[in-house]
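Enquirer: Structure incoming, see below.
The values are calculated or read from the model by the stated rules, or taken from the named source; none is laboratory data. These figures come from a predicted structure and were not determined experimentally. Here the Cβ positions follow ideal geometry from the backbone for every residue, glycine too, while neighbour counts run over all protein chains shown. Quick note on the areas: whole protein, heavy atoms, side chains included, nothing else; ligands and nucleic acids left out. Shrake-Rupley method; radii C 1.70, N 1.55, O 1.52, S 1.80 Å.
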Amino acid sequence: MPKLSRRDAGLILVAAGLLTPYSFAADGKPLAIKGYDPVAYFDMGTPTRGLPDFELEWDEHRYHFVSAEHRELFKADPVRYAPQFGDYCAMALAMGELDEANPENWLISDGKLYIFGKAAPMGPALFQQDLAANVAKANQNRPLIQAH
């Protein structure tokens, strides 16, 4: 009898509806936004480090949360809470560059979270000067993320 890999067994369980596509034990996946809780930006209004006890895998990354409640909020609507450009600086991406973001430099605009490599005036403040154009440019440059 052929042996099933752990991944294949998990996919079968997901397909059968016995397991969700989320994982609470995501060994080997990179830690998203340096362990900061993405829900905390919206709920607490401040960058806050999450705890490994409240971990969830989504989009090939591990996310940490400050509480089970935050983890469940994220699980219910990850697109709402996740940074728009992952771990990358939104302003740099708008300029066609790929720089790692610092989760301490952030902005919520139109219900979306953006993180930046540099503090004001280079990061959030500069991005907000022409928000619509910068979002459009960053989205056009999104292939830089996939190529990385």
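Enquirer: Kindly provide the set of residues from the range 97-107 that are more than 15 Å from K34 (Cβ to Cβ) and open to solvent by 60 Å² or more (accessible area, probe 1.4 Å), ordered by number.
Expert: E97 - this is the single residue of the range 97-107 that is more than 15 Å from K34 (Cβ to Cβ) and open to solvent by 60 Å² or more (accessible area, probe 1.4 Å).
Enquirer: Check off (1) buried (at least 18 other Cβ atoms within 10 Å of the Cβ); (2) within 12 Å of the chain's Cα centre (by Cα); (3) free of Cβ contacts under 8 Å to residues at least 40 places away in the same chain for V79 and give me the number that stays unchecked.
Expert: If we test V79 against (1) buried (at least 18 other Cβ atoms within 10 Å of the Cβ); (2) within 12 Å of the chain's Cα centre (by Cα); (3) free of Cβ contacts under 8 Å to residues at least 40 places away in the same chain, just (1) comes out false.
Enquirer: Do you know which residues across the range 110-134 are under 25 Å from D77 (Cβ atoms) and either loosely packed, with under 15 Cβ neighbours inside 10 Å or in contact with a strand residue (DSSP E or B) (Cβ under 8 Å, 6 or more places away or on another chain) (or both)?
Expert: Answer for the range 110-134, where residues must be under 25 Å from D77 (Cβ atoms) and either loosely packed, with under 15 Cβ neighbours inside 10 Å or in contact with a strand residue (DSSP E or B) (Cβ under 8 Å, 6 or more places away or on another chain) (or both): D110, G111, L113, Y114, I115, F116, P124, F127, Q128, L131, A132.
Enquirer: Now for a separate question. In the range 58-69, what residues are surrounded by 18 or more Cβ atoms within 10 Å (Cβ to Cβ) and touching a strand residue (DSSP E or B) at 6+ places or on another chain (Cβ under 7 Å)?
Expert: Those that are surrounded by 18 or more Cβ atoms within 10 Å (Cβ to Cβ) and touching a strand residue (DSSP E or B) at 6+ places or on another chain (Cβ under 7 Å): R62, Y63, H64, F65, V66.
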